[in-house]
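S.K.: Take a look at this one; I'll ask things after.
The values are calculated or read from the model by the stated rules, or taken from the named source; none is laboratory data. This structure is a prediction, so every number in the text was calculated from the model and none was measured. Methodologically, a virtual Cβ is constructed for each residue, glycine included, from the backbone with ideal geometry; neighbour enumeration extends over all protein chains shown.
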Amino acid sequence: MSAVTQTRFVEALAAAVGAANVLTDPGDTAPYLTDWRKQFSGPAECVVRPASTAEVAAVVARCAREGVAIVPQGGNTGLCGASVPGGAQREIVLSLARMNRVRALDPLNDTLTVEAGCILAEIQRVAREVGRLFPLSLGAEGSCRIGGNLSTNAGGVNVLRFGNARDQVLGLEVVLPDGRVWDGLRGLRKDNTGYDLKQLFIGAEGTLGIITAAVLKLYPQPASGATAWFGMATPQQAIELLALLRARLGDRLTAFELLSRVCVDAVLANIAGTSDPLRAPYPWYVLVELGDSDPEPVLRQRAEQALAECLERGLAGDVVLAQSGAQAQALWSIRERMPEAQRENVKHDISVPLSKIPEFITRGAAALERAYPGIVIYAFGHAGDGNLHYNVGFADPAANTDLMRRRAEVNAIVYALVDALGGSISAEHGLGQLKRDEIRQHKSALELELMHRVKDALDPKGLMNPGKVLGSQSGSDPCG
């Protein structure tokens, strides 16, 4: 590519979005080219920051004519390298950060229409101001953007009650790979008129098109809430506890987090201001969140009755029910600080059927201990929906450094067990670059063929976020 061609291309993009919004200086583009965990990085010809759907469409159309690939980016908070360039071909980064407007709020229809660059916490705030709840909630909600949340089908702590990101969407606006705009911004809960096209783009990680706006579902803001922390001996007790709480409390149960003592110890040792919630240590803990439309005294009475029954049945050794908002936040802080409290280790985001969680934990620990004596396993996560963050490492930094170089061997042990139990190697973080090649070993040939056919039909030139989610069908080109 000649310098003249490059210059003309950048000038064309500047004409579409304004010169100030086409970044080419390395100092300006650097934050967009590396993921926040600093595991993936790649070059891009420029970073383009459109402010409207029309500008996105103009940029995409120009890239389609020039044969330049596009990497859509929201808050760049993903964990699998989906939002940064791969470097195998000409690419630009398309940042949606400037597209951060609320387009419409309809409290009677319980819908909120927002642009893809809206920060998740801001969406929650807008809903809260009109007495509504947008339930998608995760650790990065202060910086992640809704377009990225939808592109990765984000999960978070409230999946148990409300479902994943795809369950919170009624309509989408998407710029297609040729620059055309599909306007599917319908706030309908019933629309039985053929294929549900929006579901193609949710969870596709920008490989089929660019989500520019969405109609989101809202819910009544709970009138009351309660937070409880259980201590128990085994994961089996935790799963039986979940069944009992569901039976007694129904949809009031919004979050159910399973935490190992190893993870709690890491937080207590490394995060200032944290303290052990119970009088004595337990091998496992469960953090539960409840929400209800009834007044708080009514919910607390129900909660106390359910908690007492859990203790009577021997499903927990002890439990504390938060007596204030500050106490509830202190309990949640232990859970939320777990990722940063750990050393660098081999991380997994897996899911298995609820009934198989205890078996996965037992068999996984045994297999890893046989392969790596003295291994430390940090198991925690949204067990109420079958999702575990299953991180593996050593206490000794030197041994851990060596283990990181052998992560493919560790992954093979963990993922073989996930397959055996009918699970998934990615529960909520997506595939990106991290698991793009790995997924070929865990989906059938037919399933992969169907995915490739969808990709080829919508993006025949392969310009939408190349090298993410799918490699080539033959496996010869990992960035196909």
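S.K.: Taking Ala82 and the conditions (1) at pLDDT 95 or above; (2) crowded, with 22+ Cβ neighbours inside 10 Å; (3) aliphatic (A, V, I, L, M), which numbered condition does it fall short on, given that it satisfies the others?
M.R.: (1) is the only condition that Ala82 fails.
S.K.: Right, something else. Looking at Val71, Val60, Val48 in this structure, which one is modelled with pLDDT of 95 or more and within 20 Å of Thr152 (Cα to Cα)?
M.R.: Val71
S.K.: Could you give me the residue pairs with C-beta distances under 8 Å whose first residue belongs to the stretch 296-309 and is under 14 Å from Gln323 (Cα atoms), whose second residue is surrounded by 14 or more Cβ atoms within 10 Å (Cβ to Cβ) and among the polar types (S, T, N, Q) wherever it lies, and which are 6+ apart or on separate chains?
M.R.: So the pair list comes out as Glu296/Ser224; Leu299/Ser224; Arg300/Ser224.
S.K.: Residues being closer than 20 Å to Phe380 by Cβ and either out of contact with any strand residue (DSSP E or B) (no Cβ under 6 Å at 6 or more places or on another chain) or part of a helix (DSSP H, G or I) (or both): count how many of those fall in the stretch 153-179.
M.R.: 7
S.K.: Also: Residues Leu290, Leu268: which one is of a type outside the set (Lys, Arg), within 23 Å of Arg343 (Cβ to Cβ), in contact with a Ser or Thr (Cβ under 7 Å, 6 or more places away or on another chain) and assigned by TED's automatic domain parsing to the domain that holds Leu253?
M.R.: Leu268
S.K.: Sticking with this structure for a sec: Taking the residues in the stretch 341-388 that are among the basic types (Lys, Arg) and out of contact with any strand residue (DSSP E or B) (no Cβ under 7 Å at 6 or more places or on another chain) as candidates, determine which candidate is surrounded by the fewest Cβ atoms within 10 Å (Cβ to Cβ).
M.R.: Among them, the one singled out is Arg370.
S.K.: Kindly indicate which of Thr207, Thr227 is of a type in the set (S, T, N, Q), assigned to a strand (DSSP E or B) and modelled with pLDDT of 95 or more.
M.R.: Thr227
S.K.: Which one of these does Pro373 not meet: (1) in a helix (DSSP H, G or I); (2) free of Cβ contacts under 8 Å to residues at least 12 places away in the same chain?
M.R.: (1)
S.K.: Among the candidates Ala140, Ala121, single out the residue that is assigned to a loop (DSSP other than H, G, I, E, B) and farther than 20 Å from Arg186 by Cβ.
M.R.: So the residue among Ala140, Ala121 that is assigned to a loop (DSSP other than H, G, I, E, B) and farther than 20 Å from Arg186 by Cβ is Ala140.
S.K.: Scanning for something among the aliphatic types (A, V, I, L, M), crowded, with 17+ Cβ neighbours inside 10 Å, modelled with pLDDT of 95 or more and in contact with a Phe, Trp or Tyr (Cβ under 9 Å, 6 or more places away or on another chain), does the stretch 26-38 turn up at least one residue?
M.R.: No, the stretch 26-38 contains no residue that is among the aliphatic types (A, V, I, L, M), crowded, with 17+ Cβ neighbours inside 10 Å, modelled with pLDDT of 95 or more and in contact with a Phe, Trp or Tyr (Cβ under 9 Å, 6 or more places away or on another chain).
S.K.: I need the full set of residues from the stretch 431-458 which are touching a Ser or Thr at 6+ places or on another chain (Cβ under 7 Å) and modelled with pLDDT of 95 or more, in order please.
M.R.: Lys455
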